[in-house]
Amino acid sequence: MGKAPRTVMIKGKMAGRSFQAESNSVPPTKGWPIECVASGVNAADAQKLRDHFDSVGVKTEVSNNGNPIYTDSKHRRKALKARGFVDKASYL
């Protein structure tokens, strides 16, 4: 860990650091929508997955190959939760 000061002088005034802001990650805004192969199903079960998303109220497009298409990170998290999945490698 570095030894950054807890306060800094900016234009003659003392300012404190925001440790919360420094620890928050920013979700990527580029690259969406994504077709997720990892959470996909067999192409023969694509319609079952579409029906499941409809039944739980999470509007999600599913490709003909059986892969869900997520529009952003919040949508991805909601769709995975609806299926009982948790991505422990993702940000909060």
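What follows is calculated from the coordinates using simple rules that are stated; it is not laboratory data. Only a predicted model underlies this, so the values are computations on that prediction, with no experimental measurement involved. Cβ placement follows ideal geometry from the backbone for every residue including glycine, while neighbour counts extend to all protein chains displayed.
Things worth noting here:
- On the basis of the beta-carbon distance and an R0 of 30 Å, ALA89 and LYS13 show a calculated FRET efficiency of 0.15.
- Magnitude of the charge dipole for the chain, about its Cα centre and with charges confined to Cβ atoms of Lys, Arg (+1) and Asp, Glu (-1), is about 740 debye.
- For region 28-85, diffusion coefficient by Stokes-Einstein and Kirkwood Rh (Cα), 25 °C, 0.890 mPa s, µm²/s: 218 µm²/s
- 0 to 90° range, to nearest 10: angle between helix 73-82 axis and the chain longest Cα axis: 50 degrees
- Secondary-structure-derived ellipticity at 222 nm for the chain, considering helices only, amounts to -8000 deg cm²/dmol, per-run term -39500 (n - 2.57) for DSSP H runs with n ≥ 4.
- Rounded tilt (10° steps) of 46-56 against the dominant C-alpha axis of the chain: 60 degrees
- Here each label is just a point 7 Å from Cα along the line to Cβ, and for LYS78 and TRP32 those points are 1.1 nm apart.
- Each label point was placed 7 Å from the Cα along the Cα-to-Cβ direction; for LYS3 and GLN20 their separation is 2.9 nm.
- Selection from ASN65, ALA82, GLY40 lying farthest towards where the dipole of the chain points positive, charges on Cβ: ALA82
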